[in-house]
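Asks: Here it is: the structure, laid out below.
What follows is calculated from the coordinates using simple rules that are stated; it is not laboratory data. Computed from a predicted structure; not experimentally measured. As a convention, Cβ positions derive from the backbone with ideal geometry for all residues, glycine included, and neighbour counts pool all protein chains shown.
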Amino acid sequence: MQLGTRWTLGAPAPERLPQTVRDAIAAVDAEVLALSSADFDPSGWRWTLTWLEGRPIAELDDGTVVTYDAVADEAVVTQPN
């Protein structure tokens, strides 16, 4: 596993990620930020990008994970329980 980078929730994902992964991350960002309130402030949350055998894995501080299926060119979002 190789560490890629970190960025804040709502900021653009790294350009080197496939578009489908960037789109999935943006959708998660929008969902989480829509829940913001006086009692819930995710503005300090960050994404962590790692690479496993050349495949990107982006994990949000709450445990949400976005992975990439290169064969199908699809992003898979896994939410924490």
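Asks: First select every other residue whose beta carbon is under 14 angstrom from the beta carbon of residue 22; then total the charges, Lys and Arg +1, Asp and Glu -1.
Replies: Working: positive: 16; negative: 15, 23, 29, 73, 74.
For residues surrounding residue 22, the net value is -4.
Asks: In region 1-65, what trypsin sites (Lys or Arg not before Pro) fall in a loop by DSSP, with at most 16 other Cβ atoms inside 10 Å? Working shown, then result.
Replies: Numbers: sites: 6, 16, 22, 46; in loops: 16.
Passing both the DSSP loop test and the Cβ count: 16.
Asks: Another question about this same structure. Can you list the chymotrypsin sites (Phe, Trp or Tyr not before Pro) in the chain that are in a DSSP coil and have 13 or fewer other beta carbons within 10 angstrom? Provide the component values of the computation, followed by the final result.
Replies: Details: sites: 7, 40, 45, 47, 51, 68; in loops: 40, 45.
The qualifying sites are 40.
Asks: Using a 10 angstrom cutoff on alpha carbons, build the Gaussian network for the chain and name the most mobile of 52, 60, 17.
Replies: Highest fluctuation of the listed residues: 52.
Asks: Please give the net charge around residue 61, taking every other residue with its beta carbon less than 11 angstrom from that of residue 61, where Lys and Arg add +1 and Asp and Glu add -1. Each step should come with its number before you reach the end.
Replies: Working: positive: 6, 46; negative: 59, 62.
The answer is 0.
Asks: Additional query: Amide H of residue 45: which non-local residues (sequence gap of 5 or more, or other chain) have their own amide H closer than 5 Å, using H built in the peptide plane?
Replies: Correct list: 9.
Asks: As a test of the formula, what do you get for the chain when each DSSP H run with n ≥ 4 contributes -39,500 (n - 2.57) and the sum is divided by the residue count, at 222 nm and rounded to the nearest 500 deg cm²/dmol?
Replies: Numbers: 1 runs with 16 residues, N = 81.
That comes out to -6500 deg cm²/dmol.
Asks: Next question. Could you pull out the longest piece of the chain with no exposed loop GluC sites (Glu not before Pro) in it, calling a site exposed if DSSP puts it outside H, G, I, E, B and it has at most 12 other Cβ atoms within 10 Å? List each step's numbers first, then the result.
Replies: On the way: sites that count: 15, 53.
It runs 16-52.
Asks: Further question: Over all alpha-carbon pairs in region 1-40, figure out the percentage whose distance exceeds 15 Å.
Replies: Values: 377 of 780 pairs.
Above the 15 Å cut-off, region 1-40 has 48 percent of its Cα pairs.
Asks: Tell me, what is the FRET efficiency for residue 55 and residue 5 to the nearest 0.05, using R0 = 22 angstrom and their Cβ-Cβ distance as r? Kindly include the intermediate steps, with their values, before the conclusion.
Replies: Working: r = 15 Å, r/R0 = 0.70.
Efficiency, from the Cβ-Cβ distance: 0.90.
Asks: Apply the Karplus parameterisation 6.51 cos²θ - 1.76 cosθ + 1.60, with θ equal to phi minus 60°, to every residue of region 52-57 and state each ³J(HN,Hα) to the nearest whole Hz, in sequence, with x for glycine and proline.
Replies: 10, 6, x, 9, x, 9
Asks: For residue 4, which sequence-distant residues (separation of 5 or more, or a different chain) have an amide H within less than 5 Å of its own amide H, given hydrogens modelled in the peptide plane?
Replies: Long-range HN contacts for residue 4: 49, 50, 51.
Asks: Gaussian network model of the chain, Cα springs within a sub-10 Å range: biggest mean-square fluctuation belongs to which of 39, 61, 29?
Replies: It is 39.
Asks: What is the set of long-range amide H partners of residue 68 at a cut-off below 5 Å, with H atoms built 1.01 Å from backbone N?
Replies: 76
Asks: Tell me the label only: which of (i) 90; (ii) 65; (iii) 135 is volume of the Cα convex hull per residue in Å³ as calculated from this structure?
Replies: Comparing each candidate, only (i) matches the computed number.
Asks: Show me, for region 33-48, the HN-Hα J-couplings you get by feeding each phi into the Karplus relation (A = 6.51, B = -1.76, C = 1.60, θ = phi - 60°), rounded to Hz, glycine and proline as x.
Replies: Whole-Hz 3J(HN,Hα) from phi for region 33-48: 5, 5, 8, 4, 7, 5, 8, 9, 10, x, 4, x, 5, 9, 8, 10.
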